[in-house]
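Every number in this text was worked out from the coordinates using simple rules, so none of it is lab data. Worth saying up front: this structure is predicted, and the values here are computed from it rather than measured. Virtual Cβ from ideal backbone geometry, glycine too; neighbours counted across all protein chains shown.
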């Protein structure tokens, strides 16, 4: 590549990178009343980093038994429901009630705030069994399928149209046979499914519509026309898990809470990651001089692209596990750069090749170990993604994305910067800090 072409391309790349860096890390005003908060401000953060909302549930006075001995079971059920609704970072605690004469615990739930959090929490703490009513009336009042196990499973199946989402209800064989017999006995048959009561004491109706035996596929009944995915997910959860065995009340609008790690933890995490990247870049420059500068620029591209992918990939909510995943991927990236620089430097030192030939051979020799290390790290991320949940799953997502970006930076951008920068350097060996290995002189014969 000629010097003029190299200068032109390097200038274009540098301007683009400068623009991307400004958009990624720097806040600045737009007009009079608006401000651009950087790409970091667009990353969706979870409760344990950003804070959220807290709800306190108090045991209802009309419960027949005290919950004190079963509080661990209640908390385990609440956590399982939060997991099923997609919450990854949350806090569920039992707090001894301060009301005089009350032996039971209050329960405090802290989660990420969202438009749907209030409805989600009502489902999480829903009370009562799922009951089925059927008959010719449009709102049947005759309970059916009592004294038997009814539902084996219920899952959200997906979107049928923009306004219609579908869930499945898998009945036991006994319940399905009883329901089919009841449907066939009437000209038209309505099924109503209820789980507990609303806050106003009304029936919490999950489903109420006419059905026919043709709606069954084996033992599975499909229910559509649910307005949103969140509503369908909540309904499927209640169908398969019912309600709590104990009634809680005292729902309010929730109170805002800070992160359990303290205030401004998001800024501190971002500062820690940026500091780590800067330390790695400086260390690469000190150890490998010009070649270190090339790998340092690739490392800078790594953290920039990692940040933008956290925004661009839908559904990513970063919690503390995700932060650790970013740190882990940054370390993998640094190790890849060190491996690459060392292979190139050793190739020049132990051969008679020119700087350009040594770079080409060193890059080629580093190809297999670099890909191998990243593939192993990526396999770990995929295994964790498939078999874990919560904060560990978020770690797997950010770590996996980071490993993929690191591999691209190691194989592509280091070569690009090398090709752009070397034509500008008169003494390549000095710029790259290349030195030949000292050969031992054989002892003279006596």
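Viscosity 1.002 mPa s, temperature 20 °C: give me the Stokes-Einstein translational D for the chain in µm²/s, with Rh taken as the Kirkwood radius over C-alpha pairs.
For the chosen part, D equals 80 µm²/s.
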Within 10 Å of each residue's Cβ, count the other Cβ atoms and sort 202, 119, 187 from fewest upward. 187, 202, 119
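Could you grab the relative contact order for segment 369-423? Cα pairs under 8 Å, six or more apart, rounded to a whole percent. Present the calculation step by step, with values, prior to reporting the outcome.
On the way: 26 pairs, mean separation 20.4, N = 55.
Dividing the mean separation by the residue count of segment 369-423 yields 37 percent.
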Residues 394, 269 in order from fewest to most other beta-carbon atoms within 10 Å are 269, 394
Round to the nearest 10 and give me the degree value, 0 to 90, for the angle of helix 229-241's Cα axis relative to the longest principal axis of the chain. 60
Ranked by GNM mean-square fluctuation in the chain (Cα springs under 10 Å), the top entry among 381, 272, 329 is 272
Taking the Cα atoms only, what angle lies between the long axis of helix 3-25 and the longest principal axis of the chain, rounded to 10 degrees? 30
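Report, for the chain, the % of DSSP beta bridges that are antiparallel, rounded to 5.
95
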Prolate/oblate/rounded label for segment 48-257 (Cα gyration tensor, a/c 1.5): prolate
Computed over the Cα atoms of segment 317-446, what is the ratio Rg over Rh, Rh following Kirkwood? 1.17
CD proxy at 222 nm, helix term only [per DSSP H run n ≥ 4: -39500 (n - 2.57); per residue of the chain; nearest 500]: -16500 deg cm²/dmol
Cβ density ranking, 10 Å radius, fewest first, applied to 205, 111 yields 205, 111
For helix 173-184, report the angle its Cα long axis makes with the longest principal axis of the Cα atoms of the chain; keep it between 0 and 90° and round to the nearest 10°. 60
Can you tell me, using C-alpha contacts under 8 Å and at least 6 residues apart, the relative contact order of the chain as a whole percent? 19
